[in-house]
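Structure, as structure tokens:
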Amino acid sequence: MSAIVIDELVKDYGEIRALDQVSFAVPEGAVLGLLGPNGSGKTTALSILATLSRPSGGRATVGGFDVVDDPARVRELISLTGQYASLDESLTARENLTMFGRLTGLSRRGARQRIGEVARDFGLEEFIDRRIGTLSGGMRRRVDIACALVTRPQVLFLDEPTTGLDPRSRQSVWETVATLRIQGITVLLTTQYLEEADRLADQIVMLDHGHVVAEGTSETLKARAGSAVCEINLQESADLYRARTALAGLALVEDGESTATTPHPRLGVAAPDGMATVAQVIARLQDHSIEVFDIGLRRPSLDEVFFRLTGTDPESADSVTAAGDIGPAAS
């Protein structure tokens with residue numbers, strides 16, 4: 001059964017169409033990565049699902065309840081965390097968790113019991129009584145997500161949860177999302193980080209300018225970018241010309257001279273037959289007595305998929321942000 005269903009969803013902000021006939025579904029207990037650059041419509045879709053904004057057309061349901069016709073029932077099932085932690089930095093993690101629990105209707109005893117469970121599940125015991133202002137970015141986000149889980153939601157919306165975090169903090173948030181999957185909570189994760197979607201999501205939906213441009217598992221989408229590549233780093237720059245000759249007839253997809261930062265010249269050969277192609281490359285180079293510094297087989301990345309589909313880098317800071325991604329519904 002699908003926990004979330006979006007059917008031909010449309011959202012207009014004046015003359016700007018932030019979402020245009022968007023459709024996808026999220027199975028119960030799955031993690032779906034909604035991927036796209038700034039302005040692609042990710043936050044707009046999330047705002048509609050969280051009943052913070054009304055669609056201009058189409059339909060969306062959460063847990064079987066329509067977000068327009070039954071918004072109160074939808075809110076009983078969901079929790080939402082925005083792009084930045086919404087915590088009181090002057091309070092401790094425990095005090096923030098208690099405040100969220102009490103505001104969402106838990107009794108004092110119920111909140112205390114639930115906080116103990118959440119703290120254990122997400123490894124918060126060590127700093128539960130430290131002020132939020134003294135915690136790292138990753139720990140703050142972990143507490144923020146824990147606050148959203150105090151009421152045991154069936155569906156959790158995470159809007160770019162690792163924006164602005166350092167690599168260690170990002171890893172901490174990833175571990176938290178992995179815990180959510182184990183607990184069977186349905187998660188819709190918006191992100192513009194391809195590595196994040198690749199690592200966390202069971203299914204991926206790629207948006208660009210309000211349209212769905214691709215949908216499927218990470219492996220399925222990578223397959224759309226073409227075959228794997230056999231990457232060869234030569235020991236000596238002087239062997240580059242001879243290597244090209246040795247590999248004649250194979251499809252070169254990368255060809256780079258050595259530089260100060262990449263001292264070993266690189267060649268890439270399309271490898272539709274996987275390791276069989278690698279074995280063929282090795283044999284040809286050995287026949288020509290060409291020394292190899294490193295050789296390996298690389299699958300296409302989600303970066304290549306997205307660039308092939310849209311011609312843009314989803315992590316580009318120069319992406320134009322549509323009104324739907326920064327408008328009142330997202331606040």
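The values are calculated or read from the model by the stated rules, or taken from the named source; none is laboratory data. All values derive from a computational prediction rather than experimental measurement. We place every Cβ from the backbone using ideal geometry, glycine too, and count neighbours over all the protein chains shown.
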Tally of residues being without any contact (Cβ under 8 Å) to a residue 40 or more places away in the chain, acidic (Asp, Glu) and in contact with a strand residue (DSSP E or B) (Cβ under 8 Å, 6 or more places away or on another chain) across the range 119-172: 1
In the range 24-49, how many are surrounded by fewer than 17 Cβ atoms within 10 Å (Cβ to Cβ) and among the charged types (D, E, K, R)? 1
Checking Gln21 against (1) more than 22 Å from Leu149 (Cβ to Cβ); (2) surrounded by 15 or more Cβ atoms within 10 Å (Cβ to Cβ); (3) of a type in the set (S, T, N, Q), only one condition comes out false. Which one? (2)
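Only one residue in Val22, Val5 is within 20 Å of Thr186 (Cβ to Cβ) and in contact with a His (Cβ under 8 Å, 6 or more places away or on another chain). Which one?
One residue alone meets the criteria, Val22.
Which of the residues spanning the range 133-156 are hydrophobic (A, V, I, L, M, F, W, C) and under 17 Å from Phe122 (Cα atoms)?
Result: Leu135, Met139, Val143, Ile145, Ala146, Cys147, Ala148, Leu149, Val150, Leu156.
Go through the residues of the range 88-105 one by one and say whether even a single one is closer than 22 Å to Arg199 by Cβ, touching a strand residue (DSSP E or B) at 6+ places or on another chain (Cβ under 9 Å) and modelled with pLDDT under 95.
First, pick out the residues of the range 88-105 that are closer than 22 Å to Arg199 by Cβ: none.
Checked against the condition, which is being closer than 22 Å to Arg199 by Cβ, touching a strand residue (DSSP E or B) at 6+ places or on another chain (Cβ under 9 Å) and modelled with pLDDT under 95, the range 88-105 yields no hits at all.
Do the conditions hold for Glu215, that is, is it assigned by TED's automatic domain parsing to the domain that holds Leu32 and at pLDDT 90 or above? Explain how you work it out, then say what you get.
Working: assigned by TED's automatic domain parsing to the domain that holds Leu32: yes; at pLDDT 90 or above: yes.
Here the answer is yes, as Glu215 does meet what is asked.
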Quick one: which of Arg108, Arg94 is over 29 Å from Leu49 (Cβ atoms) and in contact with a Lys or Arg (Cβ under 8 Å, 6 or more places away or on another chain)? Arg108
Is it the case that the range 169-184 has a residue that's over 20 Å from Val31 (Cα atoms), at pLDDT below 85 and of a type outside the set (Gly, Ala, Ser)? no
Give the number of residues within the range 172-212 that are within 14 Å of the chain's Cα centre (by Cα) and closer than 12 Å to Pro37 by Cα. 7
If we only count strands (runs of 3 or more DSSP E) wholly inside the range 5-70, which ones have 3 or more residues that are within 21 Å of Gln192 (Cβ to Cβ)? 16-27, 31-35
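Which of the residues spanning the range 70-90 are over 17 Å from Gly137 (Cβ atoms) and of a type outside the set (Ser, Thr, Tyr)?
Scanning the range 70-90 gives Asp70, Pro71, Ala72, Arg73, Val74, Arg75, Glu76, Leu77, Ile78, Leu80.
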Considering the range 11-60 alone, what residues qualify as being farther than 23 Å from Leu77 by Cα, aliphatic (A, V, I, L, M) and over 18 Å from the mean Cα position of the chain (by Cα)? Ile16, Ala18, Leu19
